[in-house]
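S.K.: Let me give you the structure first, and then I'll get to my questions.
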Amino acid sequence: MMKILLDKIMYEKNLTIRQTSILTGVPKSTIADIASGKISPRLDTLEQLAKGLNVRITDLFEADIK
């Protein structure tokens with residue numbers, strides 16, 4: 001399973017879970033679960049996160065090759 005870097009991106013942008021939720025339209029509980037690694041987001045959720053956080057979807061994944 002690929003690691004989702006949501007917590008790292010939120011930290012870099014100095015965003016709280018609440019602020020991230022407002023920006024992306026993704027529920028706070030979902031953001032908390034993704035950031036803590038409890039759940040893997042669906043593609044549509046990843047798209048929402050990337051758009052709201054102004055990053056590429058690929059930026060949300062930990063990968064050796066970008």
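The values are calculated or read from the model by the stated rules, or taken from the named source; none is laboratory data. From a predicted model like this one, the values you see are computed outputs, not experimental measurements. Counting neighbours? That spans all protein chains shown, and the Cβs are built from the backbone with ideal geometry, glycine included. Ligands, DNA and RNA are excluded from the accessible area calculation, which covers all protein heavy atoms including side chains. Shrake-Rupley method; radii C 1.70, N 1.55, O 1.52, S 1.80 Å.
S.K.: Just the accessible area per residue of the chain, please: how many Å² with a 1.4 Å probe? Show your work: numbers first, answer last.
M.R.: On the way: 4580 Å² over 66 residues.
I get 69 Å² per residue for the chain.
S.K.: Right, something else. Pop out the ³J(HN,Hα) list for region 4-10 in order, Karplus 6.51 cos²θ - 1.76 cosθ + 1.60 with θ = phi - 60°, rounded to Hz; leave Gly and Pro as x.
M.R.: 8, 9, 4, 4, 5, 5, 4
S.K.: How big is Rg to Rh over the chain, alpha-carbon atoms, Rh as the Kirkwood inverse-mean-distance radius? List each step's numbers first, then the result.
M.R.: Working: Rg = 10.6 Å, Rh = 11.6 Å.
Result for the chain is an Rg/Rh of 0.91.
S.K.: So what is the 222 nm mean residue ellipticity for the chain from helices alone, if each DSSP H run of at least 4 adds -39500 (n - 2.57) and you divide by all residues, rounding to the nearest 500 deg cm²/dmol? Numbers along the way, then the final one.
M.R.: On the way: 4 runs with 34 residues, N = 66.
It lands at -14000 deg cm²/dmol.
S.K.: Give the carbon-plus-sulfur fraction of the accessible surface of the chain in %, rounded to a whole number; probe 1.4 Å, heavy atoms of protein chains only. Provide the component values of the computation, followed by the final result.
M.R.: Working: 2480 of 4580 Å².
Percent of accessible area from carbon and sulfur atoms in the chain: 54.
S.K.: Just to confirm a number: summing +1 for Lys and Arg and -1 for Asp and Glu over residues other than LEU15 whose beta-carbon lies under 15 angstrom from that of LEU15, what do you get?
M.R.: Details: positive: LYS8, LYS13, ARG18, LYS28, LYS51; negative: ASP7, GLU12, ASP59.
Summing Lys and Arg as +1 and Asp and Glu as -1 gives +2.
S.K.: Non-local amide H neighbours of PHE61 (under 5 Å, H modeled in plane, Pro and chain starts lacking H): which ones?
M.R.: LEU5
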